[in-house]
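Undergrad: If you scroll down you'll find the structure; I have some questions about it.
The values are calculated or read from the model by the stated rules, or taken from the named source; none is laboratory data. Predicted, not measured: the structure shown is a model, and the values here were computed from it. Cβ placement follows ideal geometry from the backbone for every residue including glycine, while neighbour counts extend to all protein chains displayed. Accessible surface is based on the protein model in full, side chains and every heavy atom, while ligands, DNA and RNA are left aside. Shrake-Rupley method; radii C 1.70, N 1.55, O 1.52, S 1.80 Å.
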Amino acid sequence: MKQKIVITGANGLLGQKLVKLFLQNGVDFIATSKGANRNENCPSERFVPLDVTNEQEVNEVLMEVRPTAIIHTAAMTNVDQCESDRDGCDRLNVDAVEFLWNTAKKMNCHFQLLSTDFIFDGEKGNYSEEDPANPVSYYGVSKLKAEQILIDDSSSDNWSIVRTILVYGTGSNLSRSNLVLWAMATLPQGGEMNIVNDQFRALTWADDLAQGCWLIVLKGQKGIFHISGKDTMSVFDWVKRIARHFDWADTNVHPISSLGLNQPAKRPPKTGFSIQKAQNLLGYTPESFEKTLDLLKEELS
Ligand SMILES: NC(=O)c1ccc[n+]([C@@H]2O[C@H](COP(=O)([O-])OP(=O)(O)OC[C@H]3O[C@@H](n4cnc5c(N)ncnc54)[C@H](OP(=O)(O)O)[C@@H]3O)[C@@H](O)[C@H]2O)c1
């Protein structure tokens, strides 16, 4: 089947990597995001503005484009903002999913939702797709509510959920940074970094994530997939690993406890995924962390 993909949140990190992947592979797509196209690498004829919280706009754009699949990356991704603005978080992370899913069903179009390790409480770690959810933050609650819209709908199974963890990489005019970008900007200058040593995560190279999302659509897969990098370690150890790889001093990288941060939203202490299902069913093969650091350095220079 010839695919035509709609990307939501295409100005974001994952959205930009999907644009790059589709351009490289000659995949037909329309990139959408709230406001104007900020991705210098996305041709203007491929971009349509779309605020996913506007039900009428969602209907109009999707009915016009008639995609075979929607990859829904747009979200309120700031965990502390979700905690303090629960209504806004529900509108973007839950209601918009309802709008997109309802229209997708009418068009017999596959719907892919991006979700998160934050649906888990972080007590167990190395989570598989079958592990029970128990979010400790409102961001996690909102993403779980969105997942339930699809899981509980007995009228169609034409959906997939991609859960991921701490995504890193760079792009054009991104509205937020990420751990690895921050470390790569700070460590060469010998800048101070206070990093939690009681939160354990896998990191996910944004290009790998885009590949995983696309493989699900390409292979006609459905259901839940965990897509992340392979290794899980404390966030502090990740930063030390970056310093070690580039031979940068890490004397100004200080371990701190999550409690000291006083953040509005609670974080799950230990996540990390089993990615076996993605490896077996999709042939998903994430790059080694050190290789992605070299690629990122090249992109940044
Ligand atoms: N990044 C991570 O570490 C991580 C971890 C787990 C799960 N996830 C999930 O993965 C997905 C992609 O993450 P990401 O890192 O690519 O996020 P991101 O960089 O924050 O991108 C999200 C994009 O959505 C756009 N957006 C915001 N409100 C919108 C609206 N009403 N309508 C349309 N677009 C809107 C944002 O626009 P502006 O740029 O203009 O604000 C942004 O470009 C998200 O669903 C996130 O929850 C991410």
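Undergrad: ³J(HN,Hα) across segment 126-134 via Karplus (A = 6.51, B = -1.76, C = 1.60, θ = phi - 60°), whole Hz, x for Gly/Pro?
TA: Each residue of segment 126-134 in turn: 6, 6, 9, 4, 8, 5, x, 7, 6 Hz.
Undergrad: In addition: Considering amide H positions built from the backbone, and no H for Pro or chain starts, which residues 5 or more places from I30, or on another chain, come under 5 Å of its amide H?
TA: I5, V6, I7
Undergrad: Can you tell me how segment 1-59 classifies by the Cα gyration tensor, rounded, prolate or oblate, using a/c under 1.5 as the rounded cut?
TA: On the way: a/c = 2.05, a/b = 1.33, b/c = 1.54.
Oblate, because a/c is 1.5 or more while a/b does not exceed b/c.
Undergrad: Counting each DSSP H run of 4 or more residues in the chain as -39500 (n - 2.57), what helix-only mean residue ellipticity at 222 nm follows after dividing by all residues, to the nearest 500 deg cm²/dmol? The partial results should precede the final answer.
TA: Numbers: 11 runs with 112 residues, N = 301.
The per-residue figure over the chain is -11000 deg cm²/dmol.
Undergrad: Determine one quarter of the surface area of the Cα convex hull of segment 70-187, which equals its mean projected area, and express it in nm² to one decimal. It would help to have the intermediate numbers written out before the result.
TA: Working: hull surface 35.5 nm².
The directionally averaged projection comes out at 8.9 nm².
Undergrad: For the cross-link pairs K106/K222; K143/K240; K143/K230, which exceed 26 Å when the distance is taken from alpha carbon to alpha carbon?
TA: Numbers: K106/K222 18 Å; K143/K240 31 Å; K143/K230 23 Å.
Those over the limit are K143/K240.
Undergrad: Please give the length that would be gained between N41 and N54 if that part of the chain were fully extended, namely 0.36 nm times their separation in residues minus their C-alpha to C-alpha distance (nm, one decimal).
TA: Numbers: separation 13, 0.36 × 13 = 4.68 nm, distance 2.62 nm.
Extending this stretch completely gives an extra 2.1 nm.
Undergrad: What does the C-alpha gyration tensor say about the overall shape of the chain? Classify as rounded when a/c is under 1.5, otherwise prolate if a/b is larger than b/c, or oblate. Please report the intermediate quantities before stating the final value.
TA: Numbers: a/c = 1.66, a/b = 1.41, b/c = 1.18.
It comes out prolate by the Cα gyration axes.
Undergrad: Output wanted: per-residue J couplings in Hz (rounded whole) for segment 78-84, from phi through Karplus 6.51 cos²θ - 1.76 cosθ + 1.60, θ = phi - 60°, x for Gly and Pro.
TA: Working through the residues one at a time gives 7, 4, 6, 5, 4, 5, 8 Hz.
Undergrad: Mind listing the long-range amide H neighbours of G223? Cut-off is under 5 Å, sequence gap 5 or more, other chains count too, H placed in the peptide plane at 1.01 Å from N.
TA: Residues meeting the criterion, in which the H sits 1.01 Å from N, are W159, S160, I161.
Undergrad: Taking 0.36 nm per intervening residue step and subtracting the Cα-Cα distance, what contour gain separates S172 from H245 on full extension? Numbers along the way, then the final one.
TA: Details: separation 73, 0.36 × 73 = 26.28 nm, distance 2.52 nm.
Full extension of this stretch gives 23.8 nm more.
Undergrad: Ok, one more. Output needed: Cys residues of the chain lacking any neighbouring Cys C-beta below 4.7 Å, sorted by number.
TA: Lacking a cysteine Cβ partner under 4.7 Å: C42, C109, C213.
Undergrad: Using Cα-only point scatterers and the Debye equation, what is log10 of I(q)/I(0) for segment 211-268 at each q in 0.14, 0.17, 0.30 Å⁻¹, rounded to two decimals?
TA: Debye output, listed in q order: -0.69, -0.81, -1.21.
Undergrad: Still on this model: For G229, what residues show an amide H to amide H distance below 5 Å, using hydrogens built from the backbone and excluding near sequence neighbours?
TA: Correct list: L203, T204, W205.
Undergrad: Here's a follow-up. In square angstrom, rounded to the nearest 10, how much accessible surface does D121 have for a 1.4 Å probe?
TA: Its heavy atoms expose roughly 40 Å² to the probe.
Undergrad: What nm distance separates the two modelled labels at E123 and L23, each placed 7 Å from Cα along Cα→Cβ?
TA: Calculated label separation equals 4.7 nm.
Undergrad: May I ask you to list the aspartates and glutamates whose Cα is less than 20 Å away from that of K105, ignoring any residue fewer than eight positions away on the same chain?
TA: D51, E55, E57, E60, E64, D95, E147, D152, D153, D157
Undergrad: In whole Hz and in residue order, list the ³J(HN,Hα) couplings for segment 21-26 that follow from phi through the Karplus curve 6.51 cos²θ - 1.76 cosθ + 1.60, θ = phi - 60°; x for Gly and Pro.
TA: In residue order, the calculated couplings are 4, 6, 5, 5, 9, x Hz.
Undergrad: Could you give the dipole magnitude of the chain about its Cα centre, charging the beta-carbon of Lys and Arg +1 and that of Asp and Glu -1, in debye to the nearest 20?
TA: 460
Undergrad: Select from segment 116-215 those trypsin sites (Lys or Arg not before Pro) which occupy a DSSP coil region and have at most 11 other Cβ atoms within 10 Å, ordered by residue number. Provide the component values of the computation, followed by the final result.
TA: Details: sites: K124, K143, K145, R163, R176, R201; in loops: K124, R176.
When the trypsin sites (Lys or Arg not before Pro) of segment 116-215 are filtered for loop state and at most 11 Cβ neighbours within 10 Å, R176 remain.
Undergrad: Take Q189 and E287, extend 7 Å from each Cα along the Cα→Cβ direction, and tell me the distance between the two endpoints in nm.
TA: 2.5
Undergrad: How far, in nm, would the chain grow between K222 and D157 when pulled straight, counting 0.36 nm per residue and subtracting the alpha carbon separation? Could the numbers behind the result be given before it?
TA: On the way: separation 65, 0.36 × 65 = 23.40 nm, distance 0.73 nm.
Extending this stretch completely gives an extra 22.7 nm.
Undergrad: Rg (Å, one decimal) plus Dmax (Å, integer) for the alpha carbons of segment 124-231?
TA: Gyration radius and largest Cα-Cα distance of segment 124-231: 16.6, 56 Å.
Undergrad: Turning to a different aspect of this structure: Taking Cα atoms of segment 4-112, Rg/Rh with Kirkwood Rh, to two decimals? It would help to have the intermediate numbers written out before the result.
TA: Details: Rg = 13.5 Å, Rh = 14.0 Å.
We get a ratio of 0.96 for segment 4-112.
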